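The structure under discussion appears below in the form of structure tokens.
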């Protein structure tokens, strides 16, 4: 099914969790946070949070700034 | 502070911050340059921005700050609405495990000035959600008062727009903010060189936050050192109490008999 990860379309096998998205992205497990459809998904819920088709997932980390 | 001269530490939201110079990390050409500048600045608290992991130019800044023992202050840079800023702050708290947030809600790209309506809305929501909120604000004493009333842990008025290096364009407004504030006042944005950082402290600010003036200086490490000295000098001068301004000369040597 199609999932939007940081603005780009990805095909993931169903069912897909937030944890699956992080794996697909190769994101580090610490220092990152995830929002799905503009709502924060706490780290504790990553494995069990089931994504709907066309979910918009944002994976953020800290960069130089400010 | 000089040996033997006593000063109180900066306290923001119940946290002691060991330096009155808060640094940003934006604009440094690489992490090695940034590291030397941060060390030379003596800072204890430094901002980072939140961005998409795959778009990040480099994520080594977190490890650098941890290694240097500098506390991170995530910002909401780039946010244009209260809703965006609140979500970004929540993501930052989750990613970095801190309830500190430098709240920025920008009105437009040309001026990068804060949007006061969205800023106050976001501040109220984040305070209610348990954040320690440090809002980047206009040099407006009324808005500063409202942000403090909303429960912000500090107020951070600009000297001039972000990255301009135009210094403190309205010193009287900064003085009025300082005179009325019951929370720390941090001069944030617009500092171009050391004398302006000293001026901020002489006006009574509790700290200075700057990035561009150091990271884009010809020699960032040397400028960071200059800023450290300037903040300490300005703070000491403020505590010492400057002489009143006089219209006519007043001899400093005894009169000839």
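Note on B:41-51: average number of Cβ atoms from other chains within 10 Å of each residue's Cβ is 3. Hey, any idea what the orientation-averaged projected area of the convex hull of chain B's Cα atoms comes to, in nm²? About 16.2 nm², averaged over all directions.
Nearest 500 deg cm²/dmol is fine: what mean residue ellipticity at 222 nm does the protein assembly as shown get from its DSSP H runs of n ≥ 4 alone, each adding -39,500 (n - 2.57), divided by its residue count?
Values: 10 runs with 108 residues, N = 323.
Mean residue ellipticity, 222 nm, calculated: -10000 deg cm²/dmol.
List the equivalent ellipsoid semi-axes of region B:46-169 in whole Å, largest first, each obtained as the square root of 5λ for an eigenvalue λ of the Cα gyration tensor. Intermediate results must be reported in sequence, preceding the final value.
Numbers: eigenvalues 104, 60, 40 Å².
Gyration-tensor ellipsoid for region B:46-169: 23, 17, 14 Å.
Pairs of Cα atoms in region B:140-182 fall into 10 Å distance bins, from 0 up to the last occupied one, in shares of 29, 50, 20, 0 percent.
A Gaussian network model of chain B, with springs between Cα atoms under 10 Å, assigns the largest mean-square fluctuation among B:101, B:155, B:61 to B:61. Just checking the listed ones, B:108, B:121, B:206: in the Gaussian network model of chain B with Cα springs under 10 Å, the one fluctuating most is B:108.
Inter-chain neighbour count for B:95-101: the average number of beta-carbon atoms from partner chains within 10 Å of each residue's beta-carbon is 3.
How many Cβ atoms of partner chains, on average, are near each residue of B:86-92 if near means within 10 Å of its Cβ?
Numbers: counts 1, 7, 5, 1, 5, 10, 4.
Partner-chain Cβ atoms within 10 Å, mean over residues of B:86-92: 5.
So if each residue of separation counts as 0.36 nm, and I subtract the Cα-Cα distance between residue B:16 and residue B:31, what length gain in nm does that give?
Details: separation 15, 0.36 × 15 = 5.40 nm, distance 2.66 nm.
Gain on stretching residue B:16 to residue B:31: 2.7 nm.
Extension gain for residue B:8 to residue B:113 (0.36 nm times residue separation, less C-alpha to C-alpha distance): 34.6 nm. Report note on the peptides B:141-148, B:193-200, A:5-12, B:208-215: ranked by the mean count of other C-beta atoms within 10 Å, highest first, their order is B:208-215, B:193-200, B:141-148, A:5-12. Taking other Cβ atoms within 10 Å as a rough exposure proxy, B:205, B:152, B:79 sort from fewest to most as B:79, B:152, B:205.
Among the DSSP beta bridges whose two residues both lie in region B:10-240, what percent are antiparallel, rounded to the nearest 5? All intermediate terms of the calculation are to be shown ahead of the outcome.
Values: 4 of 23 bridges.
The antiparallel proportion sits near 15 percent.
The modelled label-to-label distance for the pair residue B:166/residue A:2, using points 7 Å beyond Cα in the direction of Cβ, is 4.6 nm. Between residue B:229 and residue B:145, the distance separating the two model label sites (each 7 Å from Cα on the Cα→Cβ line) works out to 4.0 nm.
Length gained on full extension, residue B:81 to residue B:256, computed as 0.36 nm times the residue gap minus the Cα-Cα distance: 56.2 nm. Given 37 °C and 0.692 mPa s, how large is the Stokes-Einstein diffusion coefficient of the protein assembly as shown in µm²/s, with Rh as the Kirkwood radius over Cα pairs? In µm²/s, the coefficient rounds to 158. Taking every C-alpha pair closer than 8 Å and separated by at least 6 residues, the mean separation divided by the residue count of region B:10-240 gives a relative contact order of 21 percent. Which residue fluctuates the most in chain B, going by a Gaussian network model with Cα springs under 10 Å, if the choices are B:34, B:103, B:166? Result for chain B, Cα springs under 10 Å: B:166 fluctuates most.
No lab work stands behind these numbers, since they all come straight from the coordinates. Keep in mind the model is a prediction, meaning the values are calculated, not measured. Virtual Cβ from ideal backbone geometry, glycine too; neighbours counted across all protein chains shown.
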